[in-house]
Amino acid sequence: MHRKSSGRKNRPPQCMGEDTTRPSATPQARDRLREVLPPVLFLTLIFFLHFLGRQLLGPMLPAMERDLRISHAVSGLFILVMGAGFFLSQLVAAFVTARFGYRICIVLSLWGAAASMAGVGLVGSLWALFLGFFLLGVTGGLYAPSGIALISVLVHPRDWGKAMGIHELAPNLALIVAPFFATMVLGVASWRWGFLSLSGFLAVTGAVYARHGVDAEARGSIPDIHRVREIAGNPAFWGLVGLLSIAVGVETGVYAVVPLFLVNERGFDLAEANRILGLSRIPGLAVVLLSGWITDRLSPRTTLRLALGATGVTIIVLGLGPRSVSIPSIFAQAAAAACLFPPILSAASGISTPENRALTISLSLAVAPVLGGGLVPAGIAFAGDLGSFGLGLAGAGVLVLFGVMLVRSLERGKANLFSPGIL
């Protein structure tokens with residue numbers, strides 16, 4: 001039987017239009033976290049499978065290009081259409097959860113992603129592959145709004161940080177596992193079996209969650225178009241969109257094209273390239289925690305400028321430097337990029353009024369996968385078709401350095417996080 005949690009005691013924070021009322025504390029906070037740890041871990045597993053499914057494309061691209069006989073630019077478009085699908089899902093998710101609830105939305109995301117990945121593994125037409133990756137973005141993106149909101153319902157407010165910390169292990173682990181999983185599959189079968197096997201895991205997980213997964217009586221509300229217009233009219237919102245797009249672009253966008261770069265321009269074989277890619281993401285697990293501590297010590301503005309500068313320089317060195325610096329640059333870039341999200345998300349809380357805060361973050365996170373996770377890798381891949389992945393990477397690095405100027409735009413928000421009274 002699936003478990004329900006009363007919405008009267010714990011309302012989730014707003015997600016694409018949801019109410020932001022915070023529940024009051026109770027003396028059973030520690031016991032409550034222990035009681036709900038199994039469903040939190042189950043939701044973390046679901047997030048891991050979804051993120052792994054989207055990030056598996058990058059390590060598979062060199063093999064897909066050879067098998068399908070497609071250009072780098074076309075393979076980059078796979079990433080772009082998946083990002084476009086993710087964007088659409090963030091706009092639709094609020095309506096789905098308001099109508100059907102969190103559990104059904106999560107099950108739909110699992111079964112939809114399973115069907116999409118099965119289609120990617122089975123179809124032969126290039127246009128069918130584009131459709132498959134677009135639908136993978138749509139269905140995979142349905143999970144995040146429901147999963148995060150559901151955790152906030154199940155877990156006592158005093159333990160939200162711990163629960164979200166556990167949940168956020170999923171994408172970091174997926175970035176490590178994806179290259180090794182791709183190498184293992186390619187060692188014994190076609191790239192298609194990678195997507196087919198992961199499709200099976202998603203389908204089974206969906207069936208288990210449909211029968212035993214948790215749900216909540218509280219549901220999200222449909223976004224108010226007037227509040228969306230108010231947020232879009234705030235210049236600081238577009239600064240936030242730009243910074244999040246840069247962060248997504250250098251973390252997952254650059255990640256997706258590094259195997260192509262190493263194989264085609266640096267002479268690495270695919271197995272070695274994927275091994276380097278996976279190992280480079282391991283330090284990020286610790287760096288994320290360190291970045292949060294530095295943010296608290298130095299302020300989000302200072303931390304963000306330092307992280308953007310370090311990330312931009314390492315990407316430029318990766319693209320233009322000799323082969324001997326490729327591996328150190330990849331490790332340094334991964335560590336620097338991991339420092340971007342804590343100060344950006346910390347700064348995001350200060351650019352809008354409290355009632356619009358969660359909706360502001362949701363809307364910006366909807367746009368970022370298209371601009372950063374889609375256009376950035378597609379542009380680098382296009383540069384590879386023109387003759388130089390390295391120049392494409394260097395261009396991305398310059399773009400990151402320009403992002404330092406966007407930090408100041410956050411100061412013009414309605415609630416100024418960077419005012420002397422706060423910092």
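The values are calculated or read from the model by the stated rules, or taken from the named source; none is laboratory data. Nothing here was measured: the structure is a model prediction, and the numbers come from that model. As a convention, Cβ positions derive from the backbone with ideal geometry for all residues, glycine included, and neighbour counts pool all protein chains shown.
Some points to look at:
Residues checked against (1) crowded, with 21+ Cβ neighbours inside 10 Å; (2) more than 20 Å from the chain's Cα centre (by Cα); (3) not assigned by TED's automatic domain parsing to the domain that holds LEU77:
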site	(1), (2), (3)
LEU142	yes, no, no
VAL185	yes, yes, no
ALA203	no, yes, no
GLU217	no, yes, no
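- Residue that is within 22 Å of VAL257 (Cβ to Cβ), modelled with pLDDT of 90 or more and of a type in the set (Gly, Ala, Ser), where the choices are ALA118, ALA63: ALA63
- If you go through the stretch 149-171 and keep only what is touching a Phe, Trp or Tyr at 6+ places or on another chain (Cβ under 9 Å) and within 28 Å of PRO59 (Cα to Cα), you end up with HIS167, GLU168, LEU169, ALA170, PRO171.
- GLY112 vs. criteria in contact with a helix residue (DSSP H, G or I) (Cβ under 6 Å, 6 or more places away or on another chain), without any contact (Cβ under 8 Å) to a residue 40 or more places away in the chain and not aromatic (Phe, Trp, Tyr): yes
One line per residue, one yes/no per condition, for (1) free of Cβ contacts under 8 Å to residues at least 24 places away in the same chain; (2) surrounded by fewer than 24 Cβ atoms within 10 Å (Cβ to Cβ):
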{"residue": "ARG54", "(1), (2)": "no, no"}
{"residue": "PRO59", "(1), (2)": "no, no"}
{"residue": "ILE70", "(1), (2)": "no, yes"}
{"residue": "ILE79", "(1), (2)": "no, no"}
{"residue": "LEU88", "(1), (2)": "no, yes"}
{"residue": "THR97", "(1), (2)": "no, no"}
{"residue": "ARG103", "(1), (2)": "no, yes"}
{"residue": "ILE106", "(1), (2)": "no, no"}
{"residue": "GLY119", "(1), (2)": "yes, yes"}
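- Test: residue in the stretch 76-89 that is assigned to a helix (DSSP H, G or I), at pLDDT below 90, within 25 Å of LEU173 (Cα to Cα) and among the hydroxyl-bearing types (Ser, Thr, Tyr): yes
Yes/no per residue for (1) closer than 21 Å to GLU168 by Cβ; (2) at pLDDT 85 or above; (3) out of contact with any Gly (no Cβ under 6 Å at 6 or more places or on another chain); (4) not in a helix (DSSP H, G or I):
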residue: ALA335; (1), (2), (3), (4): yes, yes, yes, no
residue: PRO342; (1), (2), (3), (4): yes, no, no, no
residue: GLU355; (1), (2), (3), (4): no, no, yes, no
residue: LEU365; (1), (2), (3), (4): yes, no, yes, no
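- In the condition set (1) in contact (Cβ under 8 Å) with a residue 60 or more places away in the chain; (2) surrounded by 18 or more Cβ atoms within 10 Å (Cβ to Cβ); (3) not hydroxyl-bearing (Ser, Thr, Tyr), ALA310 is compliant with all but (1).
- Selection status of LEU110, modelled with pLDDT of 95 or more and within 22 Å of ASP215 (Cβ to Cβ): yes
- Scanning the stretch 408-421 turns up no residue that is in a helix (DSSP H, G or I), closer than 30 Å to PRO322 by Cα and at pLDDT 75 or above.
- Checklist (1) surrounded by 22 or more Cβ atoms within 10 Å (Cβ to Cβ); (2) in contact with a Pro (Cβ under 7 Å, 6 or more places away or on another chain); (3) touching a residue at least 60 places away in the same chain (Cβ under 8 Å) applied to THR295, failing item: (3)
- Listed by first and then second residue, the pairs with beta-carbon distance under 6 Å, at least 6 apart or on different chains, first residue in the stretch 378-403 and surrounded by fewer than 16 Cβ atoms within 10 Å (Cβ to Cβ), second of a type outside the set (Gly, Ala, Ser), are ASP385/HIS72.
- Residue in the stretch 219-231 that is over 23 Å from ALA93 (Cβ atoms), in contact (Cβ under 8 Å) with a residue 24 or more places away in the chain and surrounded by 24 or more Cβ atoms within 10 Å (Cβ to Cβ) present: no
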